[in-house]
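The values are calculated or read from the model by the stated rules, or taken from the named source; none is laboratory data. Given the structure is predicted, the values throughout are model-derived calculations rather than measurements. Note that each Cβ is placed from the backbone with ideal geometry, even for glycine, and that neighbours are counted across all protein chains shown.
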Amino acid sequence: MAMLAVSVAANGQISNETLPNPDNEPAPVHPVPSQRQLLWQETEFYAFFHFGMNTFTNAEWGDGSEAESRFAPTKVPNPRQWLEAVKAAGMKGGIAVVKHHDGFCLWPTATTTHSIVNAGNQNGRDTNIPRDFSEAARELGMKYGFYVSPWDLNSGYWGDGTSNYVNKVFLPQCLELAKYGSDQFEMWFDGATGGDHAGYYGGNKGTRTISDASTYYDIPNLRDTVHAIAPNCVIWGVGDEARWIGNEAGWAGETNWSMGYGESGNEHNWKWRAGESDAKATNKGWFWHSGESPKSASELFKIYLETVGRNATLILNFPPDQSGELPQADVTVLQQLGTMLQQRLGTDLIPGATVTASATRTASAARNYDAGNLTDGDKDTYWATNDGEHSATINVEWAEPQTLHYVMLMEYIKLGQRIRKFSVETSLDGSSWTKCATTTTTVGYKRIIPLNNSTSTYSGLQARYLRITIEDSRSCPTLHTLSVY
Ligand code: FUL
């Protein structure tokens with residue numbers, strides 16, 4: 001077995017070369033994710049915590065003129081309580097806002113006096129969200145990261161036509177934050193760039209804007225600076241290592257490529273840029289507001305299916321209140337969501353089934369691509385077909401009829417996202433089949449298909465047989481996991 005590669009000789013001559021491929025591994029279909037992006041994707045479901053000056057001023061966007069003394073929590077904020085609450089829902093981590101557009105910093109930064117150092121009470125002055133959030137995450141075995149707003153309505157430098165803001169404020173702030181832990185998984189950079197929202201801007205009140213965020217924030221330099229300290233930290237948004245899914249309503253496209261932009265991505269885009277969906281779990285805003293309430297567990301479960309179940313990650317926002325804790329109603333709904341996820345997606349029926357495939361890639365002595373790899377619980381073994389075979393059927397059979405709700409598929413994305421179209425069918429007798437009507441185009445990192453075609457109602461169907469037909473793929477398909485619930 002051989003693989004074609006291109007080699008460049010010392011004299012600059014390019015020639016074709018044949019590399020050994022003893023295990024007959026499929027060639028990657030580019031682009032492929034970096035190791036950092038792969039680890040990031042595995043976080044799947046994590047929390048967003050919007051807390052800061054706006055929590056005390058009843059705002060969603062401040063203007064940067066807020067007196068530091070207005071930040072006066074009734075207790076020292078307790079990020080451990082936030083993370084424990086979301087862990088109960090099955091979340092694997094969280095991202096805390098440590099500076100929003102108003103510029104108020106929730107840590108003692110050397111870059112500005114507009115921070116907790118000058119807060120209105122001792123609880124405020126004792127606040128250090130990056131320190132306490134990262135410590136709690138490590139203790140709880142969770143991933144963590146920070147949202148630091150590039151747009152800064154407090155700073156007189158922001159958008160002043162020079163590089164002062166980036167050199168004196170923003171880059172040093174990112175550096176300070178990176179130093180809170182080399183193990184952070186994502187830094188979240190919002191895309192807002194000024195526009196007609198008036199700001200304080202160091203006393204030069206008015207509106208400002210910038211034209212090209214990537215150039216203005218010196219993004220390649222920022223990425224390298226953060227990665228030198230936190231190598232697995234994906235720089236989200238303007239950092240271009242993961243993309244915004246294109247809405248804040250908690251859904252991704254049923255077709256969702258990890259390349260390109262927006263809700264569906266683009267199969268033909270050259271860059272790996274998987275989607276992250278940011279959604280509010282409460283009914284008033286990103287920040288806490290009096291009288292707010294959380295969505296129900298069923299509503300949140302629907303969001304989960306339409307994001308995590310469609311090849312996106314889900315960052316679900318729960319705002320701490322003025323005591324620096326999550327309100328009890330949020331804690332309760334998080335527990336309910338955790339129970340619901342466990343009940344509906346916690347028991348895989350595959351261990352009791354026989355799984356076969358209509359086509360299997362030729363094995364080597366050391367490695368096979370059998371259907372058994374779909375069900376062995378090992379994400380590094382996978383089923384694949386031979387080169388040139390872009391369609392195949394995976395058959396699942398139980399000894400007795402089962403009540404089925406969801407099918408879950410995971411592509412081996414280390415070799416690129418490949419599947420373009422597939423179908424899911426069920427049968428009681430093995431001869432008359434019912435085709436699932438959900439749009440089954442892409443799979444990607446993870447795809448969950450509701451067999452009743454509904455993400456909002458929960459009902460099962462009886463079947464003894466299930467088959468998944470890959471109908472089209474960019475190259476031979478590769479899948480590492482199949483689960484049925
Ligand atoms: C937006 C911001 O402008 C909102 O205030 C919020 O932080 C949200 C997550 O991103 O673009």
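Checking F301, F287, F318 one by one, the residue that is closer than 30 Å to T438 by Cβ, within 16 Å of the ligand (Cβ to nearest atom) and modelled with pLDDT of 95 or more is F318 and no other.
Considering the conditions (1) surrounded by fewer than 22 Cβ atoms within 10 Å (Cβ to Cβ); (2) within 29 Å of the chain's Cα centre (by Cα), L153 is excluded by exactly one of them, (1).
With respect to A213, determine if the residue is within 16 Å of the ligand (Cβ to nearest atom), in contact (Cβ under 8 Å) with a residue 24 or more places away in the chain, aliphatic (A, V, I, L, M) and over 26 Å from E325 (Cβ atoms).
yes
Is it fair to say M53 is within 18 Å of G285 (Cβ to Cβ) and not acidic (D, E)? Against the criterion (within 18 Å of G285 (Cβ to Cβ) and not acidic (D, E)), M53 qualifies. Restricting attention to region 45-59 and to residues that are over 24 Å from the mean Cα position of the chain (by Cα) and within 13 Å of the ligand (Cβ to nearest atom), the residue that is surrounded by the fewest Cβ atoms within 10 Å (Cβ to Cβ) turns out to be A59. Taken together, the residues in region 245-281 that are within 13 Å of the ligand (Cβ to nearest atom) and either over 28 Å from H100 (Cα atoms) or not charged (D, E, K, R) (or both) amount to 8.
None of G262, G285, G291 is assigned to a loop (DSSP other than H, G, I, E, B), surrounded by fewer than 17 Cβ atoms within 10 Å (Cβ to Cβ) and under 21 Å from the mean Cα position of the chain (by Cα) except G262. Scanning region 145-179 for residues that are touching a residue at least 60 places away in the same chain (Cβ under 8 Å), more than 16 Å from the ligand (Cβ to nearest atom) and either touching a His at 6+ places or on another chain (Cβ under 6 Å) or not in a helix (DSSP H, G or I) (or both) yields a single hit, S155.
Go through the residues of region 185-205 one by one and say whether even a single one is more than 15 Å from the ligand (Cβ to nearest atom), in contact (Cβ under 8 Å) with a residue 12 or more places away in the chain and closer than 25 Å to Y46 by Cα. Yes, that holds for at least one residue. Number of residues in region 30-44 that are assigned to a loop (DSSP other than H, G, I, E, B) and either surrounded by fewer than 16 Cβ atoms within 10 Å (Cβ to Cβ) or in contact with a Phe, Trp or Tyr (Cβ under 7 Å, 6 or more places away or on another chain) (or both): the value is 7. Candidates D330, D348: the one that is surrounded by fewer than 20 Cβ atoms within 10 Å (Cβ to Cβ) and not polar (S, T, N, Q) is D348. When M142 is tested against (1) more than 21 Å from A228 (Cβ to Cβ); (2) touching a helix residue (DSSP H, G or I) at 6+ places or on another chain (Cβ under 7 Å); (3) surrounded by 24 or more Cβ atoms within 10 Å (Cβ to Cβ), exactly one condition is not met: (3). Scanning region 60-69 for residues that are surrounded by fewer than 16 Cβ atoms within 10 Å (Cβ to Cβ) and either outside any loop (DSSP other than H, G, I, E, B) or within 16 Å of the ligand (Cβ to nearest atom) (or both) yields E60, S69. Any idea which residue in region 306-327 is farthest from the chain's Cα centre (by Cα), counting only those that are surrounded by 24 or more Cβ atoms within 10 Å (Cβ to Cβ) and of a type in the set (S, T, Y)? Selected residue: T307.
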